[in-house]
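**Student:** Take a look at the following structure, please.
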Amino acid sequence: MATTLYEFSLCPFCNKVRSGLEAKGIAFDSVEVSPRSKVELPELPEGTPKKVPVFQHGDDTVADSTAILNYIEEKIPGKVRFHPADAAVRKRSDEIEDWVDTHFIEALPTVIYGTWGEAAKAARIVATNSKLGGGQKFLVQMAGALVMKQISKRILKRNDRTDAHAWVRENTDQFASWLGDKEYVLGAEPCLADVAMHGAITCVKEFPIYDEIMKTSNVGAWYQRFDQLRETNRA
């Protein structure tokens, strides 16, 4: 059965879904979606926003990262399960996953696009991964950096923040406090909260903030542990 993830390389929510699929060992095709036109997207259910990630499995089309991961958990469980059997633990997993989506990921554009150097690098990544022609890629690199820098400024202002890296480190410390000395955030087995955080961090792997996050000792060790699970299961 055909399985396809429509994604954008610098989208934390897309990386979140990718982390879940790879950790479960589920084979899938990937389609890079143009951030402006989104012409690559398939036909979506009525009322569905035209944005990534979008997941297709056979005749089913699912949007929204959390909905996609819940669908995968039910329909294609793969090599590991991410929904804890205990109801209270499942509830806590959902709460932390929601925190990743609304707090940690909210801050990430400000360290991907925050400085001119970061914004230029992000624009190059977008251009390289796109299917645009040479001239269009050049325009993306030139104009994209400016647009991305403005997005970062708006997010910082909206959240009454001035130091993007400090904001992300603050959120990293919060996750570290929940993690403590456990293998995964809620115990010995990974859950959807781990999937969400791993995907979010993977999104910034090409940027300076990644090394800062990895210096948070238990978060760095946790990330490598989940990464090894992902590498093993997708082999």
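Where a number appears in this text, it was derived from the coordinates with a stated rule and is not lab data. The structure presented is a predicted model; accordingly, all values stated were derived computationally and were not measured. We place every Cβ from the backbone using ideal geometry, glycine too, and count neighbours over all the protein chains shown.
**Student:** State the Cα centre-to-centre distance between the range 185-235 and the range 33-112 in whole Å.
**Tutor:** Computed from Cα coordinates, the inter-centre distance equals 17 Å.
**Student:** Just tell me which lysines come within less than 26 Å, Cα to Cα, of Lys51; anything on the same chain fewer than 8 places away is out.
**Tutor:** Lys16, Lys24, Lys38, Lys75, Lys121, Lys131, Lys137, Lys149, Lys153, Lys157, Lys205
**Student:** With 10 angstrom as the radius, rank Glu32, Glu46, Glu7 by how many other C-beta atoms surround their C-beta, starting from the fewest. Mind dumping the intermediate values first?
**Tutor:** Values: Glu32 17, Glu46 5, Glu7 22.
Sorted ascending by nearby Cβ count, the order is Glu46, Glu32, Glu7.
**Student:** Relative contact order, percent, of the range 1-103 when contacts are C-alpha pairs under 8 Å separated by at least 6 residues? Write out the running numbers ahead of the final one.
**Tutor:** On the way: 124 pairs, mean separation 30.0, N = 103.
Once divided by the residue count of the range 1-103, the mean separation gives 29 percent.
**Student:** Fewest Cβ neighbours within 10 Å first, please rank Arg90, Arg36 accordingly. Walk me through the numbers before you get to the answer.
**Tutor:** Values: Arg90 16, Arg36 11.
Arranged by neighbour count, lowest to highest, Arg90, Arg36 become Arg36, Arg90.
**Student:** Counting other beta carbons within 10 Å of each residue's own, what order do Val89, Val185 fall into, fewest first?
**Tutor:** Details: Val89 15, Val185 24.
With the sparsest Cβ surroundings first, the list reads Val89, Val185.
**Student:** Right, another one. Note down the magnitude of the dipole of the chain about its Cα centre, charges +1 on Lys and Arg C-beta and -1 on Asp and Glu C-beta and zero elsewhere, to the nearest 20 debye.
**Tutor:** On the way: 30 positive and 33 negative charges, 165 e Å.
Computed charge dipole of the chain: roughly 800 debye.
**Student:** Need one number: % antiparallel among DSSP beta bridges in the range 3-75, to the nearest 5. Can you show the working numbers first?
**Tutor:** Working: 8 of 12 bridges.
Among the beta bridges of the range 3-75, antiparallel pairing accounts for roughly 65 percent.
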